[in-house]
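The values are calculated or read from the model by the stated rules, or taken from the named source; none is laboratory data. Everything numeric in this text was worked out from a predicted model, so none of it was measured. Note: ideal-geometry Cβ built from the backbone for every residue, glycine included; neighbour counts use all protein chains shown.
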Amino acid sequence: MPTPGAGTEAGGPSTPASRLPALQGTDSGREQSLENCRRQAPEARLIIGILVATLLIGCSRSGALSPDDPIFKGLPRAAVVETLSLPRVQTNLEGISTQQQRSLAQASVRTLIACREALRVYLAWIRTGAPPKVSPGPVPENPIEPGNSAVEQEYTRLKAAVASGDPDELRAMLLAEGGCGPNWPAEPGGPTIAEVVQEQGA
Amino acid sequence: MEGRRGLVEEVRDPDKTLLTTLPLLVLVGLASLATLAGVVPASAATRGPQVLTVSCDGVTISTGVRVVFGSNGTYKVRQNSTNPSIVDGIPSNTNTWAVSDNGNSLSVKTVSDGTTVSWTNVIRSGYTTKAYKTQAANCNGIGFGHGNYDWNYTVTYPG
């Protein structure tokens, strides 16, 4: 009695795929083993597929984003490097999918720039009595959603606060929950935007 | 003269007066509704209860539901229950916050079973809930690692 599945076609390769046709049309034991193989093959493929997917997911989640990643093309490199080095950003990027990471990381760089622009406008406004023009931030070559829309909303809010004619609106926006103030340093390694705004008094 | 009288009678006719004033009433009604829509805050939306697996190591961050605000407003997270709720005398309290789509975070707050934390005047955006255990505990018995607990929570946000 031959060992099930152990036979090889004369002169043929010994791969599982090549063995299967060779087993056909022989004795009943071989037919039985072929039947077993047929039943097990989809399961084996499924298991291998799951293993490969798990490895891919594991690898993609463990890899930190580099400032050279193509998603940052079109954004100032200094801002990218600074943003990715911030512990708060690193924490935010933890435990999310690669696609979510890409959107959030790209948006975070743009938000850092937008928030510093909002601070610049606020400080100039309360010092001179007139708000300077809002400078539009750089846009990456390939904006990623939903971060892209969220950054655009940030600029829309900034322009609306300026259009209100009341610097206190911009101040409130800078200090609000989910706003720029508590989240970003006013300058690299410096105090937060909120701390700088609060120094100005109400 | 007849023509002039006819005009006066037409204006005083109750049916015709109603027909004349009805569009005006409709306009006033619509204007009132529009004013109310602007003044009354948008209703709160709820997502949950739902369960998130959170590590008991007190370090690893888990990511929960993402919700999109319809306006600025209050964001709430309620810890409905946890399983296990207490391990070696340490309750499964959870540090939670949310991250907006553009990378701004809410402050971290601690929530325990049956309690709610809230953030007011939160700027409109999409927000993703994050959570980690306040204090490490062994939820895994004699197994390797700290194990996990089920965090049953509900979020409320401006719809």
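Summary table below
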| quantity | calculated |
| --- | --- |
| Checklist (1) in contact with a His (Cβ under 8 Å, 6 or more places away or on another chain); (2) within 14 Å of chain A (Cβ to nearest Cβ) applied to B:C56, failing item | (2) |
| Selection status of A:G95, out of contact with any helix residue (DSSP H, G or I) (no Cβ under 9 Å at 6 or more places or on another chain) and not in a helix (DSSP H, G or I) | no |
| Search result, residues across region A:64-121 that are more than 12 Å from chain B (Cβ to nearest Cβ) and polar (S, T, N, Q) | A:S66, A:S85, A:T98, A:Q99 |
| Which numbered condition B:G48 fails, given (1) modelled with pLDDT of 95 or more; (2) assigned to a strand (DSSP E or B) | (1) |
| Criterion (surrounded by 15 or more Cβ atoms within 10 Å (Cβ to Cβ), assigned by TED's automatic domain parsing to the domain that holds A:A194, out of contact with any Cys (no Cβ under 7 Å at 6 or more places or on another chain) and not aromatic (F, W, Y)) met by exactly one of A:V121, A:V139 | A:V121 |
| Given (1) at the interface with chain B (Cβ under 9 Å from one of its Cβ atoms); (2) at negative phi; (3) modelled with pLDDT under 95, number of the condition A:G178 does not satisfy | (2) |
| In region B:115-132, the residues that are surrounded by fewer than 19 Cβ atoms within 10 Å (Cβ to Cβ) and β-branched (V, I, T) | B:T115, B:T116, B:T120 |
| Filter result for A:N142 (in contact (Cβ under 8 Å) with a residue 40 or more places away in the chain, farther than 21 Å from B:W97 by Cα and part of a loop (DSSP other than H, G, I, E, B)) | yes |
| Test set (1) more than 14 Å from chain B (Cβ to nearest Cβ); (2) aliphatic (A, V, I, L, M); (3) out of contact with any Leu (no Cβ under 6 Å at 6 or more places or on another chain) - A:V197 fails condition number | (3) |
| Candidates B:T156, B:T63, filtered to the one that is in contact (Cβ under 8 Å) with a residue 60 or more places away in the chain and more than 9 Å from every other protein chain (Cβ to nearest Cβ) | B:T156 |
| Complete set of residues in region A:129-177 that are more than 30 Å from A:Q99 (Cα to Cα) and either touching a strand residue (DSSP E or B) at 6+ places or on another chain (Cβ under 9 Å) or of a type in the set (V, I, T) (or both) | A:V134, A:V162, A:A172 |
| Sole exception among (1) modelled with pLDDT under 95; (2) over 15 Å from B:A98 (Cα atoms) for A:R127, by number | (1) |
| Among residues of region B:92-134, those that are outside any loop (DSSP other than H, G, I, E, B), of a type outside the set (D, E, K, R) and either more than 7 Å from every other protein chain (Cβ to nearest Cβ) or touching a residue at least 40 places away in the same chain (Cβ under 8 Å) (or both), counted | 20 |
| Answer residue from region A:160-171, given it is surrounded by 15 or more Cβ atoms within 10 Å (Cβ to Cβ) and either among the charged types (D, E, K, R) or out of contact with any Leu (no Cβ under 8 Å at 6 or more places or on another chain) (or both) and is farthest from B:N104 (Cα to Cα) among those | A:P167 |
